[in-house]
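Okay, so here's the structure we're looking at.
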Ligand code: AMP
Ligand code: MG
């Protein structure tokens, strides 16, 4: 049995080898850069207008309009003192422009332009290089690409991006009581649901499950399932069969496949029977079968490894320390991750904390860490792990 911090450290300290690949920009969401990206040119690349209006030269309130520049035009106009040009958002400002005035603040009569206020130097001009200078690092290695990141890289004209590969994930659920959707559920059986929850938790963080298997509580079947998956995946996630029951065969089957235990059992609630192992560059998590335990172990322990295996600088769920909405007493002798909901800056510990109960997790948005046998008073800060 290890403490939570120890388990997390063991995961953090794993040496991993992550391969890189070149992907089309539009297929890069959620991938992490295997090489930094530097700006190939200044951004913006030329002084341009932030408004639809008039570019002008001088500080008077009356100007002579001498031409027009639209977005995309090369703009050969050169303004002299007292002159203005009609201009549109994104258009290159004429040479000698001292400001751009939005059209709403102007009156035009023939070729005369009148301003409500005298212009301020540089007003509404987006200066060349104000966002990025040529050669400047835009994103560091390990940056995990977001939609805005895709937009930024796209604006630099980079169509192919060097990223780390994402890990190949296999998911194996075990349990004789588990029935697939569509099959007849007999007395004593339940619908298998962890694979749905775990697969979508992977997807929620930009990872996908390549293969999903369901195996009975049968030692030989589990052993051969492990053998196949170790050959074709980078990380194998089990649900169920890792506890101390007569039919919990996963640990022994992993050992017989040469998987080396990194830790087994964590002093926590829920998720005490959590197992983590490794065989060469392949990793295995065996999560307890109780639905809330398996998902909470995924968030706290599996996600950090997935980030590591994808070359991301991210370490796991985002965390916040927030005041608790009501007094709470953790009566458990184990440190606990409690299903909770953050609303208006306060965190409420939800009803339905049982390991098998997943409705509270579905309605909440956080897991809150509270130490063993600890009372927290309303307004005191607690560590919240954001699950959505
Ligand atoms: P186990 O960890 O195999 O002892 O299972 C603990 C509890 O979780 C039992 O009540 C199981 O029926 C339930 N359980 C195990 N696997 C699943 C699953 N894939 N979907 C839903 N419930 C499960
Ligand atoms: Mg079981």
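The values are calculated or read from the model by the stated rules, or taken from the named source; none is laboratory data. Remember, predicted model here, so these are calculated numbers, not experimental data. Cβ atoms come from the backbone with ideal geometry, glycine included; neighbour counts cover every protein chain shown.
Just checking, how many residues over segment 203-218 are free of Cβ contacts under 8 Å to residues at least 40 places away in the same chain and surrounded by 15 or more Cβ atoms within 10 Å (Cβ to Cβ)?
Going through segment 203-218, the residues free of Cβ contacts under 8 Å to residues at least 40 places away in the same chain turn out to be 203, 218.
Okay, now just the ones that are also surrounded by 15 or more Cβ atoms within 10 Å (Cβ to Cβ), so 218.
The number of residues fulfilling the criteria is 1.
For segment 163-171, check the following and say yes or no: at least one residue is part of a loop (DSSP other than H, G, I, E, B), assigned by TED's automatic domain parsing to the domain that holds residue 243, in contact (Cβ under 8 Å) with a residue 24 or more places away in the chain and within 16 Å of ligand 1 (Cβ to nearest atom).
Checking segment 163-171: not a single residue is part of a loop (DSSP other than H, G, I, E, B), assigned by TED's automatic domain parsing to the domain that holds residue 243, in contact (Cβ under 8 Å) with a residue 24 or more places away in the chain and within 16 Å of ligand 1 (Cβ to nearest atom).
Could you please let me know if residue 230 is away from ligand 2 (no atom under 16 Å from the Cβ) and either assigned to a helix (DSSP H, G or I) or on the phi > 0 side of the Ramachandran plot (or both)?
yes
For the subset of segment 302-319 comprising residues that are in contact with a helix residue (DSSP H, G or I) (Cβ under 6 Å, 6 or more places away or on another chain) and within 30 Å of residue 217 (Cβ to Cβ), which member is nearest to ligand 1 (Cβ to nearest atom)?
In this case the residue turns out to be 305.
If residue 322 satisfies all but one of (1) in a strand (DSSP E or B); (2) touching a residue at least 60 places away in the same chain (Cβ under 8 Å); (3) in contact with a helix residue (DSSP H, G or I) (Cβ under 9 Å, 6 or more places away or on another chain), what's the number of the condition it fails?
Evaluating residue 322 over (1) in a strand (DSSP E or B); (2) touching a residue at least 60 places away in the same chain (Cβ under 8 Å); (3) in contact with a helix residue (DSSP H, G or I) (Cβ under 9 Å, 6 or more places away or on another chain) leaves (3) as the failure.
The conditions are (1) crowded, with 20+ Cβ neighbours inside 10 Å; (2) away from ligand 1 (no atom under 16 Å from the Cβ), and residue 136 fails exactly one of them. Which is it?
If we test residue 136 against (1) crowded, with 20+ Cβ neighbours inside 10 Å; (2) away from ligand 1 (no atom under 16 Å from the Cβ), just (1) comes out false.
Would you pick out the residues in segment 185-220 that are out of contact with any helix residue (DSSP H, G or I) (no Cβ under 8 Å at 6 or more places or on another chain) and under 22 Å from residue 317 (Cα atoms)?
195, 196, 199, 200, 203, 204, 206
Is there a residue being away from ligand 1 (no atom under 14 Å from the Cβ), farther than 20 Å from residue 288 by Cβ, assigned to a helix (DSSP H, G or I) and assigned by TED's automatic domain parsing to the domain that holds residue 11 anywhere in segment 181-194?
Checked segment 181-194: no residue is away from ligand 1 (no atom under 14 Å from the Cβ), farther than 20 Å from residue 288 by Cβ, assigned to a helix (DSSP H, G or I) and assigned by TED's automatic domain parsing to the domain that holds residue 11.
Among the residues of segment 198-222, write down those that are more than 16 Å from ligand 2 (Cβ to nearest atom) and part of a helix (DSSP H, G or I).
Answer for segment 198-222, where residues must be more than 16 Å from ligand 2 (Cβ to nearest atom) and part of a helix (DSSP H, G or I): 199, 200, 201, 202, 203, 204, 220.
Evaluate segment 272-293: report whether one residue or more is within 16 Å of ligand 1 (Cβ to nearest atom), under 26 Å from residue 365 (Cβ atoms), surrounded by fewer than 20 Cβ atoms within 10 Å (Cβ to Cβ) and at pLDDT 95 or above.
Checked against the condition, which is being within 16 Å of ligand 1 (Cβ to nearest atom), under 26 Å from residue 365 (Cβ atoms), surrounded by fewer than 20 Cβ atoms within 10 Å (Cβ to Cβ) and at pLDDT 95 or above, segment 272-293 yields at least one hit.
Residues of segment 172-199 being surrounded by 23 or more Cβ atoms within 10 Å (Cβ to Cβ) and either closer than 20 Å to residue 234 by Cα or under 24 Å from the mean Cα position of the chain (by Cα) (or both), which ones?
172, 173, 174, 194, 198
Against the definition (without any contact (Cβ under 8 Å) to a residue 40 or more places away in the chain and surrounded by fewer than 13 Cβ atoms within 10 Å (Cβ to Cβ)), how does residue 21 come out, yes or no?
no
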